[in-house]
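What follows is a set of notes on a single structure, which appears directly below.
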Amino acid sequence: MANRKRKHGVLAVNGDVVVLSNAKEDRVDCTHINYALDTVFNQMRIAGNRPRTIESYEYIFKQFVEVCRIEYVEDINLDKLYHYLNVLQVTPATRLIRLKSIKAVLSKFFNNGWVKDRF
């Protein structure tokens, strides 16, 4: 019973590979934005960031992702950032707060190795 492998029953695996296809092309080498955000916000919780700060970052960054239609971390660039800031109908002070919040999350992406340049 030392090295017993299960080769029968419900959990049996026969080695066949099933390829599922979507209408949309999935990029295997890219990090999905939802995975990256979940990871970063969990890292912030572990590091001791205040819950209100994390909620604020999450709200602002998810709004950025929605406005710019970002699916993968690698899709983020300066053009999308400028587009988001131009779309906002807020005061310049609020715009600066949004920029700083996005920059904080992007710096975590850089620390995790998901983006190659600092924004």
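The values are calculated or read from the model by the stated rules, or taken from the named source; none is laboratory data. All values reported here derive from a predicted model rather than from experimental measurement. Here the Cβ positions follow ideal geometry from the backbone for every residue, glycine too, while neighbour counts run over all protein chains shown. Heavy atoms of the whole protein, side chains included, go into the accessibility calculation; ligands, DNA and RNA do not. Shrake-Rupley method; radii C 1.70, N 1.55, O 1.52, S 1.80 Å.
Of all residues in segment 68-78, those being exposed (fewer than 14 other Cβ atoms within 10 Å of the Cβ) and in contact with a helix residue (DSSP H, G or I) (Cβ under 9 Å, 6 or more places away or on another chain) number 1. Restricting attention to segment 90-114, the residues being more than 12 Å from I33 (Cα to Cα), under 15 Å from the mean Cα position of the chain (by Cα) and open to solvent by less than 90 Å² (accessible area, probe 1.4 Å) number 8.
Of the residues making up segment 42-63, none is surrounded by 12 or more Cβ atoms within 10 Å (Cβ to Cβ) and in contact with a strand residue (DSSP E or B) (Cβ under 8 Å, 6 or more places away or on another chain).
Each row is one residue, and each column tells you yes or no for (1) of a type in the set (A, V, I, L, M); (2) outside any helix (DSSP H, G or I).
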| position | (1), (2) |
| --- | --- |
| Q43 | no, no |
| I54 | yes, no |
| Q89 | no, yes |
| V105 | yes, no |
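For L106, the conditions (1) of a type in the set (A, V, I, L, M, F, W, C); (2) farther than 17 Å from F41 by Cβ; (3) out of contact with any helix residue (DSSP H, G or I) (no Cβ under 8 Å at 6 or more places or on another chain) all hold with the exception of (2).
Name the residues in segment 56-82 that are in a helix (DSSP H, G or I) and of a type in the set (D, E, K, R), would you?
Taking segment 56-82 and keeping what is in a helix (DSSP H, G or I), we get 56-68, 73-75, 78-82.
Result: E58, K62, E66, E74, D75, D79, K80.
V87 - would you say it is more than 14 Å from F119 (Cβ to Cβ), open to solvent by 50 Å² or more (accessible area, probe 1.4 Å) and of a type in the set (A, V, I, L, M)? Spell out the reasoning first.
Numbers: more than 14 Å from F119 (Cβ to Cβ): yes; open to solvent by 50 Å² or more (accessible area, probe 1.4 Å): yes; of a type in the set (A, V, I, L, M): yes.
Yes: the conditions hold for V87.
Scanning segment 35-50 for residues that are at pLDDT below 85 and polar (S, T, N, Q) turns up nothing.
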